[in-house]
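**Q** For reference, the structure I am asking about is given below.
The values are calculated or read from the model by the stated rules, or taken from the named source; none is laboratory data. None of the values given here were measured: they were computed from a predicted structure. No Cβ is skipped: glycine too gets one built from the backbone with ideal geometry, and neighbour counts run over all protein chains shown. For the accessible areas, the whole protein counts, side chains as well, though only heavy atoms, and no ligand, DNA or RNA atoms are used. Shrake-Rupley method; radii C 1.70, N 1.55, O 1.52, S 1.80 Å.
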Amino acid sequence: MMLQPEIETMPRPQLEALQLERLQATVHRMRQSVPPMAQRLEGLPDPAVLADLADYPFMRKSDLRENYPFGLFAEPRENIRRIHASSGTTGKPTVVGYTESDLGVWADCMARGLIAAGCRPGWILHNAYGYGLFTGGLGLHQGAERAGISVVPVSGGNTERQLMLIEDFAPEIVCCTPSFALTLAERLGPAARDTSLQVGILGAEPWTDAMRDEIEERLNISAVNLYGLSEVLGPGVSCETEAREGLVIAEDHFLAEVVDPDSGEVLPDGEVGVLVLTSLTKEAFPVLRYWTGDLCSMTREPMDDGRTHARMSAIVGRADDMLVIRGVNVYPSQVEYALLDVPGVSPHFQLIVEREQTLDTLEVLVEGREVDPEAVKTKLKSALGLSVSVTVAPDGSVPRSEGGKLNRVHDRR
Ligand code: DLL
């Protein structure tokens, strides 16, 4: 099912003509109304074709920090209807704003994703993404209302109460982080397969196919991947369809590029690099070549169901999440994959990096029953090409998600 079939199946030449027209308008808007961007774009010609985008510099999170709080807004303050912010690990949050039209586009993108993912009007949606400055709660909320779905705005935290509401209200849809979906499954035990839930709309943090299998098996739901980031929109930039052949990007509103993390060169479809996003319709906070730091690949092949918009793979890591330990590149997702092969180990783990004099060490904290630490060590050594120390903690002792994003990496160097 499609919410906006005429847009979702638009032939690519027509879609690209629309994108170019909107890109030109976005560049114009920035030159007119965002002084720091106007300065940066000085001397650069307007884009004549979409490929000209590659001539523009990247925007980064640091640009938001330097212009805190409203310095990159392209609309007068009184036209802003909503402010969101993301906390970041240090210092001031990054702040974004939305006009009324922006909120409408956001609701459309999110509603489109929900319907594509298999949710249906008339269903009940248990929304366990956090409400507040984080975009997850309100983003899903307004999208669900737009799609004709009843929202239960639970927000994060208080897992016991969430379980009670799921039992009593019998929602078909649960929206939360993948790690919180596992927490729910764990707390429910064998009853997890017998709830009313049919679809999970999961995102806001990286997860693997193996984790998806586990969530689907334990909760007896279809677990669908939803992606987005506050700087660009919030949830709804892209979402998987029921076919689950990549996350369909709302390409009438966003232009996506995948670039080499080192050189910044645009990569051909299929290659993994950093996702770079340009907004095409945003009024309050337009972004030009925003460096997401998220690693994925992209395809523009049309889908069997007629959808023509580009699709991205699941996020395989973050360009800045990569740990370099004694010269070896390590991604947390590699550790997750490797652990799945070790009998008795649960999917909960933490990585602790320390520096002892000049030598960096990686400790992997896992949990499970009757786990042989040597087996874990051997497995990780062959998967990562690095010797690590392994600590096996009792079941249930590695911190769980209570709804927010889970931090698995503790770099103490
Ligand atoms: O996490 C928006 C969101 C809310 C997406 C709910 C999906 C569901 P931020 O807090 O700004 O926004 O964090 C954005 O989270 O750059 C990615 O690194 C990560 N992320 C978001 N979705 C996914 C996903 C929201 N499906 C940052 N897979 C992004 C992997 C994701 N990482």
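**Q** Along region 238-244, what does the Karplus equation 6.51 cos²θ - 1.76 cosθ + 1.60 (θ = phi - 60°) give for ³J(HN,Hα), rounded to whole Hz, x for Gly and Pro?
**A** Coupling constants for region 238-244: 8, 8, 6, 9, 4, 6, 6 Hz.
**Q** How do E265, E402, E363 stack up against each other in accessible area, from largest to smallest, with a 1.4 angstrom probe? Please list the in-between numbers first.
**A** Details: E265 120, E402 85, E363 50 Å².
Listed by decreasing accessible area, they come as E265, E402, E363.
**Q** For region 97-143 and region 324-393, compute the distance between their C-alpha centroids and round to whole Å.
**A** 37 Å
**Q** How large is the dipole of the chain about the Cα centre if only Lys and Arg carry +1 and Asp and Glu carry -1, each at its Cβ, rounded to the nearest 20 debye? Write out the running numbers ahead of the final one.
**A** Details: 38 positive and 60 negative charges, 197 e Å.
Result for the chain is approximately 940 debye, rounded to the nearest 20.
**Q** Which one of E370, E167, E100 has the biggest mean-square fluctuation once the chain is modelled by GNM with Cα springs under 10 Å?
**A** The residue that fluctuates most here is E370.
**Q** Further, regarding this structure: Going by accessible area, probe 1.4 Å, with all protein chains left in place, what is the ranking of V353, V371, largest first?
**A** Numbers: V353 0, V371 20 Å².
Accessible-area ranking of V353, V371, largest first: V371, V353.
**Q** What accessible surface, in Å², does a 1.4 Å probe find on K377, ignoring ligands, DNA and RNA and rounding to the nearest 10?
**A** 80 Å²
**Q** How many angstrom separate the Cα center of region 234-287 from the Cα center of region 19-45?
**A** First find each Cα centre; the distance between them is then 19 Å.
**Q** Classify region 324-411 from the C-alpha gyration tensor, please: rounded if a/c falls under 1.5, else prolate or oblate depending on whether a/b exceeds b/c.
**A** Details: a/c = 1.69, a/b = 1.24, b/c = 1.36.
Because a/c hits 1.5 or more and a/b fails to exceed b/c, region 324-411 counts as oblate.
**Q** Next question, about the same structure. Order R311, R187, R31 by their accessible area, 1.4 angstrom probe, all chains in place, largest first.
**A** The ordering from most to least exposed comes out as R187, R31, R311.
**Q** Running a GNM on the chain with Cα contacts under 10 Å, which residue among V49, V95, V27 ends up with the highest mean-square fluctuation?
**A** Highest fluctuation among the options: V49.
**Q** Taking every alpha carbon pair in the chain, what does the distance histogram look like in 20 angstrom bins from 0, in percent?
**A** Pairs per bin, as whole percents: 26, 57, 17, 0.
**Q** Taking amide hydrogens as modeled 1.01 Å from N in the peptide plane, which residues meet the under 5 Å criterion relative to T241, leaving out close sequence neighbours?
**A** Amide H to amide H, under 5 Å and 5 or more residues apart or across chains, T241 pairs with V248.
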